[in-house]
Amino acid sequence: MFSNGCVSLYHYNEKNEEWVRSFFPCAGIYRKFGSESSKCSFASDNYCVIRIPYYADSDIAIGDYICLENSRAAVPDKTLCLKVTAFCRNKFGSSPHLKIICA
């Protein structure tokens with residue numbers, strides 16, 4: 001399911017040992033829900049792809065957290081947020097954006 005919404009990115013700054021929150025008011029959010037079957041079991045195949053317009057060069061790393069709302073908390077609530085598993089900076093083309101994959 002694709003929707004537009006706001007997201008909050010929580011990046012852990014190891015130098016200062018604190019969480020830094022960045023808010024993005026216009027993000028494209030694609031959520032996929034499902035499962036895969038193998039010979040022995042079912043595996044969850046839920047993930048989320050977030051595209052943020054590339055107007056801000058935000059710090060991001062694998063292991064950061066994304067909250068699919070305007071969270072004002074200083075520390076991410078890990079039960080409500082998604083963990084960043086991959087990202088890339090797509091700076092080229094007519095609509096540069098930051099692509100974030102979460103699980």
Inset, instruction - Work out which trypsin sites (Lys or Arg not before Pro) in the chain are exposed loop sites (DSSP not H, G, I, E or B, at most 15 other Cβ within 10 Å) and give the longest gap free of them. - result: 40-71
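What's the extension gain from Tyr54 to Ser94 if we count 0.36 nm per residue and subtract their Cα-Cα distance? Write down the numbers at each step before the final one.
On the way: separation 40, 0.36 × 40 = 14.40 nm, distance 1.10 nm.
Answer, rounded to one decimal: 13.3 nm.
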Inset, instruction - Select from Ala73, Ala27, Ala86 the residue whose mean-square fluctuation is largest in a Gaussian network model of the chain (Cα-Cα springs shorter than 10 Å). - result: Ala73
Legend entry - Surface per residue (accessible, 1.4 Å probe) for the chain, Å²: 65 Å²
Legend entry - Sites Lys15 and Glu69, calculated FRET efficiency, Cβ-Cβ separation with R0 30 Å, nearest 0.05: 0.60
Legend entry - Local electrostatic count at Tyr30 - Lys and Arg +1, Asp and Glu -1, tallied over other residues with Cβ under 11 Å: +4
Inset, instruction - Quick one: which residues, 5+ away or cross-chain, put their amide H under 5 Å from the amide H of Tyr54? H built at 1.01 Å from N. - result: His97, Leu98
Inset, instruction - Work through the residues other than Pro76 whose Cβ is under 13 Å from its Cβ and net out their charges, Lys, Arg +1 and Asp, Glu -1. - result: 0
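Mind ranking Ser95, Ser22 by accessible surface for me, highest first, 1.4 Å probe? Could the numbers behind the result be given before it?
Values: Ser95 75, Ser22 30 Å².
Most to least solvent-accessible, the answer reads Ser95, Ser22.
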Inset, instruction - May I ask you to list the lysines whose Cα is less than 26 Å away from that of Lys32, ignoring any residue fewer than eight positions away on the same chain? - result: Lys78, Lys83, Lys91, Lys99
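The values are calculated or read from the model by the stated rules, or taken from the named source; none is laboratory data. Computed from a predicted structure; not experimentally measured. So basically every Cβ, Gly included, is an ideal-geometry build from the backbone, and we count neighbours across all protein chains shown. Note: accessible area is taken over every heavy atom of the protein model, side chains too, but ligands, DNA and RNA are not part of it. Shrake-Rupley method; radii C 1.70, N 1.55, O 1.52, S 1.80 Å.
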